[in-house]
Amino acid sequence: MRILALMLAVAASIVAPAAAQNYPVKTVRLIAPFAPGGATDVLARLTAQKLGERWGQSVIVDNRAGAGGNIGAEAAVRSAPDGYTLLVAGAPHAINMTLYRNLTYDLARDLVAINRIAGYPSAIVVHPSVPAKSVKELVELARARPGDLNFGSPGPGSPNRLAIELFMIMANVKMTHIPYKGGSGQMVTDLVAGHVQLASIGLPPSMEYVKAGRLRAIAVTSTKRSPLLPDVPTVSEAGLPGFDVTSWYGVFAPAALPRNLVTRVNGDISAVLEAPDLRERLQRMDAEPSPQSPEDFARFVREEIAKWAKVVKASGATAD
């Protein structure tokens, strides 16, 4: 038996590199765990197209929306660890680890982090009727009127909701959360109409209103200024040092995916992120390509889970 086991191990060590070298030999499924048209779906489709071109195989996007991205993630966890089912997941899934109390998977344990695709910031915007033109003035206003200012968000555990929760924690102020269902569309409409006073929202959806003067951007949420709003400071430089909320997404697979395939897919994603046309498309979304090694990406994912766990617990947010 020992001899047979040794022979099988040797055979596997020979076959595995060959499998990675020939991969893929059939269609690859890339699960996008949110509805078509959103940021996750767009990133998934751009990545699928470029990987398909590089591999000479079809890479189809399978939208598995629902439960804040958990349905798609669970489908990936249950898939065979052969490289033919991949998942685009990101900041919402790191938040979900604390937001949902009865998840059937663990992002850091049941999925292997292969490579990060991109990250992009949001902007904290206020309705023009709000007498605050900077982070400092917003903090002073919130302290003078605790609970009077309200902010909208597209859901209880959305990164944009928790960006304001983190803002309140770091500034030691209190504002009132107004949640919306079905995405940010209605929330943005109400914000422009003045029914809610401020929000953290993605830059592309907010740019037309900011340029038209119907919303005022007081800060961007990342650690670097956005080229879309070069004159608008970051929250960190405007008064809350260390503030950083960047929506990020990357490619994952079932945890048992062989290491050689992890390395192969990681390298191919890094390569396609160098394509000028892909970088141009991402730039239009204000998304910055940010590939990492599997080890660095896995470490980043664990740090994000821990970071958002503190904010979720402090805010009392829950999806249950």
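What to note about this one:
- For segment 36-77, filtering for residues that are in a loop (DSSP other than H, G, I, E, B) and either touching a residue at least 60 places away in the same chain (Cβ under 8 Å) or hydroxyl-bearing (Ser, Thr, Tyr) (or both) leaves 2.
- Subset of segment 50-72 [buried (at least 16 other Cβ atoms within 10 Å of the Cβ), at pLDDT 90 or above and closer than 17 Å to residue 249 by Cα]: 50, 51, 61, 62, 63, 64, 65, 69, 70, 72
- When segment 162-178 is filtered for residues that are in contact with a helix residue (DSSP H, G or I) (Cβ under 7 Å, 6 or more places away or on another chain) and loosely packed, with under 14 Cβ neighbours inside 10 Å, only 174 remains.
- When each of 270, 247 is tested for being touching a residue at least 24 places away in the same chain (Cβ under 8 Å), among the small types (Gly, Ala, Ser), open to solvent by less than 30 Å² (accessible area, probe 1.4 Å) and within 17 Å of residue 88 (Cβ to Cβ), the lone residue that passes is 247.
- Selected residue (criterion: nearest to residue 228 (Cα to Cα)) from residues of segment 269-306 that are of a type in the set (D, E, K, R) and not in a helix (DSSP H, G or I): 286
- Every test in (1) out of contact with any strand residue (DSSP E or B) (no Cβ under 8 Å at 6 or more places or on another chain); (2) crowded, with 19+ Cβ neighbours inside 10 Å; (3) part of a loop (DSSP other than H, G, I, E, B); (4) at pLDDT 95 or above is passed by residue 83 save one, and that test is (1).
- Positions within segment 94-113 being buried (at least 17 other Cβ atoms within 10 Å of the Cβ) and charged (D, E, K, R), in sequence order: 110
The values are calculated or read from the model by the stated rules, or taken from the named source; none is laboratory data. This one's a predicted model, so the numbers in the text were calculated from it and none came from an experiment. For neighbour counting, all protein chains shown are included, and Cβ atoms are generated from backbone atoms with ideal geometry for every residue, glycine included. To get the accessible areas, we keep the full protein, side chains included, count just its heavy atoms, and leave off ligands, DNA and RNA. Shrake-Rupley method; radii C 1.70, N 1.55, O 1.52, S 1.80 Å.
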